[in-house]
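Colleague: One structure coming up, written as structure tokens, with questions to follow.
The values are calculated or read from the model by the stated rules, or taken from the named source; none is laboratory data. Just so it is clear, the structure is predicted and the values come from calculations on it, not from any experiment. Cβ: placed from backbone, ideal geometry, glycine included. Neighbour counts: every protein chain shown.
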Amino acid sequence: MPNVSNVKSKFFGAVDALDADGISVAATIGSATTLTLGGTLTSGGSYTSGDNIGQLITILSAGDDSGITFTVVGTDAVGDAQTEVVTGANAGTATSSGYFNTVASITTSAASAGDVSAGVTATGTGTVFAGRTRIRGLQGLSGTSAGNLLFKNTSVTGTTLLTVPTQAAAELIEPYIPDNGVLFDAGAYVNFGSAVATVTVFYDG
């Protein structure tokens, strides 16, 4: 008897490259206030990553901002509201633990010690399916650099069960996956950077 399943598809858009001030350009903050979201990655005063993709948010401080916090408000990769309080760094970069698809605001708890900017890291993650599933196939386009498209079990930081190498030549990504697919018993999550432009994943839903 053939292996019958309810196969669905999900599209994941491009990941933004590393950009330390792509969300908010460097400026000294004089009091507890909201940063101006006007970097090159923003539009209309907010930030949006690729479709179904979340990225880590960075806060770069020129001075010692370890005594203040930055509250990031937006949504995660599946569109749910997400808020995270990030403690500032001492002449360095503080990074969110959550992956944001959108950022609507970043608010400081007090004045900064010097210039502060906000941006993103170069890695994106997304949820294929947050439960037991099988990845049946995928099709995409490679990006600007060679690398790997990773599919993880349990969470975006879980065990990698499927690795798909890519080339830096805008080539088609269409690997062979056995008929029964690859089983992810606790949810399937995708992780990639500039090695992938876009990808559509076919999975049991």
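Colleague: Going by the conditions given, is GLY54 closer than 30 Å to ASP185 by Cβ, surrounded by 19 or more Cβ atoms within 10 Å (Cβ to Cβ) and not assigned by TED's automatic domain parsing to the domain that holds THR144?
Modeller: yes
Colleague: Check THR48, THR28, THR34, THR42 and return the single one that is within 19 Å of PHE192 (Cβ to Cβ) and of a type in the set (Ser, Thr, Tyr).
Modeller: None of the other options fit; the residue is THR48.
Colleague: Now for a different question. Just to verify a result, which residue in segment 107-149, among those that are under 30 Å from GLY63 (Cα atoms) and among the hydroxyl-bearing types (Ser, Thr, Tyr), is surrounded by the most Cβ atoms within 10 Å (Cβ to Cβ)? Don't jump to the end; show me each part of the working.
Modeller: Initially, segment 107-149 is screened for residues under 30 Å from GLY63 (Cα atoms), giving 107-124.
Imposing the further condition that a residue be among the hydroxyl-bearing types (Ser, Thr, Tyr) reduces the set to 107-109, 112, 117, 121, 123.
Numbers: THR107: 15, THR108: 21, SER109: 15, SER112: 23, SER117: 21, THR121: 20, THR123: 18.
Here the answer is SER112.
Colleague: Can I ask one more? Scan segment 151-205 for residues that are in a strand (DSSP E or B), among the hydrophobic types (A, V, I, L, M, F, W, C) and more than 18 Å from ARG136 (Cα to Cα) and jot them down.
Modeller: Selection gives PHE192, VAL196, ALA197.
Colleague: Can you tell me which residues in segment 33-80 are over 21 Å from the mean Cα position of the chain (by Cα) and over 13 Å from ALA104 (Cα atoms)?
Modeller: Within segment 33-80, THR33, SER61, ALA62, GLY63, ASP64, ASP65, SER66, GLY67, ILE68, THR69 qualify.
Colleague: What's the total number of residues in segment 21-36 that are touching a Gly at 6+ places or on another chain (Cβ under 7 Å) and either polar (S, T, N, Q) or without any contact (Cβ under 8 Å) to a residue 40 or more places away in the chain (or both)?
Modeller: Selection size over segment 21-36: 2.
Colleague: May I pose another question? Tell me yes or no: at least one residue of segment 100-113 is of a type outside the set (Ser, Thr, Tyr) and free of Cβ contacts under 8 Å to residues at least 24 places away in the same chain.
Modeller: No: zero hits.
Colleague: Additional query: Determine if segment 116-137 includes at least one residue that is more than 14 Å from VAL15 (Cβ to Cβ) and either touching a Pro at 6+ places or on another chain (Cβ under 9 Å) or modelled with pLDDT under 95 (or both).
Modeller: Yes, because at least one residue in segment 116-137 is more than 14 Å from VAL15 (Cβ to Cβ) and either touching a Pro at 6+ places or on another chain (Cβ under 9 Å) or modelled with pLDDT under 95 (or both).
Colleague: Taking segment 162-192, which residues are crowded, with 21+ Cβ neighbours inside 10 Å and small (Gly, Ala, Ser)?
Modeller: Once the filter is applied, which keeps residues that are crowded, with 21+ Cβ neighbours inside 10 Å and small (Gly, Ala, Ser), segment 162-192 yields only ALA188.
Colleague: When you look at ASP51, is it touching a residue at least 40 places away in the same chain (Cβ under 8 Å), more than 16 Å from ASP21 (Cβ to Cβ) and of a type in the set (D, E, K, R), yes or no?
Modeller: The answer is yes for ASP51.
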